[in-house]
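The values are calculated or read from the model by the stated rules, or taken from the named source; none is laboratory data. As the structure is a prediction and not an experimental result, all values here were calculated from the model. Note that each Cβ is placed from the backbone with ideal geometry, even for glycine, and that neighbours are counted across all protein chains shown.
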Amino acid sequence: MQRKSIALRGSAERRSYPMLRRYASHKYYFLMLLPVLAYFIIFHYVPIYGVLMAFQDYRIFKGISGSEFVGLKHFRELFDGIYFLPVLKNTLIINAYKILFGFPAPIILALLINEIMRPKFKKFVQTVSYLPHFLSWIVLSGIIIEVLSPSRGIVNMILMEFGFQPIYFLADTSWFRSVLVSTEVWKGVGFSAIIYLAAIAGISPDLYEAAEVDGISRLKKVWYITLPSIAPVIVIMIILNSGSIINDDFDQIFNLLNTNVQSVGDVISTYTYTEGIAKMNYSYAAAVGLFKNVIALIMVLTANTIARRFSDQAIF
């Protein structure tokens, strides 16, 4: 028995040596990974310690270790107050619209780009479509404000040419959410389409050749070959995007929000900024942020469980 355990241990050690040698042969790739690991450790894991602020009456000079522990006091204030629930409602509505219109948009764009036969024109369309992704919301917000300006914006100039009255898109509560959703889709659709284009590129050409022999139209190829082939990628993206129902885009909304549309545009991230930075109510803001992250985690886990139950595709 002892010989057998020694032999098993020796075989396990021998198996580990090739793995260590493979790691050693790729040591420079691991060195390239260090900045990424450092980023996540410093900016994502170390700040987790600050979650304790949500359960304290935090005071700057006392610090987290010296501030008074108050339990769930700030969480009760969330739901007993008159400000948080409207903000939560705005967040859910805006993000639901973004998912409803923004999730299928890159899939449709990828399918359309894939149908372009001329390579140069195809590359041009790809470049133009994902270029806005690399521009910050500070730059894009300035462009959007000018384009939608009621006095000098090109959109209102076109409307007035057709006899319509100018529309205050960014100051009208009935238009502001539409502006947020449409600009978000416009900014991200091209870059998100890259994922689906990569999945489409992995489909075997033999499937399309067999379909051509059978005389299947291009639309039916998309419906019966392309979409089923990229379905696993679509499911994974649904799971990853499920948490975004509660996670809003602070940069976009903060740069476009104004007092005229605050009733329909103020979301959790801007509310947290106002409470935590402007009003210096750190513990309450930490409670808001923790609540948001817990709900996002629950949404991702729920979507993953549903995907695993009804299909073979899931993250874990």
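What about Ala171, is it assigned by TED's automatic domain parsing to the domain that holds Val261 and part of a helix (DSSP H, G or I)? It is false that Ala171 is assigned by TED's automatic domain parsing to the domain that holds Val261 and part of a helix (DSSP H, G or I). Any residue at all in the stretch 31-38 that is of a type outside the set (Ser, Thr, Tyr), in contact with a helix residue (DSSP H, G or I) (Cβ under 6 Å, 6 or more places away or on another chain), at pLDDT below 90 and assigned to a helix (DSSP H, G or I)? For the stretch 31-38, residues of a type outside the set (Ser, Thr, Tyr), in contact with a helix residue (DSSP H, G or I) (Cβ under 6 Å, 6 or more places away or on another chain), at pLDDT below 90 and assigned to a helix (DSSP H, G or I): absent. Based on what the data block shows, is Leu34 closer than 30 Å to Ala199 by Cα and loosely packed, with under 11 Cβ neighbours inside 10 Å? Yes, satisfied.
Just a yes or no: is a residue in the stretch 153-163 among the acidic types (Asp, Glu), in a helix (DSSP H, G or I), in the same structural domain as Asn95 (by TED's automatic domain parsing) and loosely packed, with under 12 Cβ neighbours inside 10 Å? Yes.
Of all residues in the stretch 134-146, those satisfying the criterion of being touching a helix residue (DSSP H, G or I) at 6+ places or on another chain (Cβ under 7 Å) and either surrounded by 14 or more Cβ atoms within 10 Å (Cβ to Cβ) or not assigned by TED's automatic domain parsing to the domain that holds Thr183 (or both) are Trp137, Leu140, Ser141, Ile144.
This table checks each residue for (1) surrounded by 15 or more Cβ atoms within 10 Å (Cβ to Cβ); (2) within 16 Å of Ala96 (Cα to Cα); (3) touching a strand residue (DSSP E or B) at 6+ places or on another chain (Cβ under 7 Å).
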site	(1), (2), (3)
Asp206	no, no, no
Ala211	yes, no, no
Asp214	no, no, no
Leu219	no, no, no
Thr226	yes, no, no
Leu240	no, yes, no
Gly243	yes, yes, no
Asp249	yes, yes, no
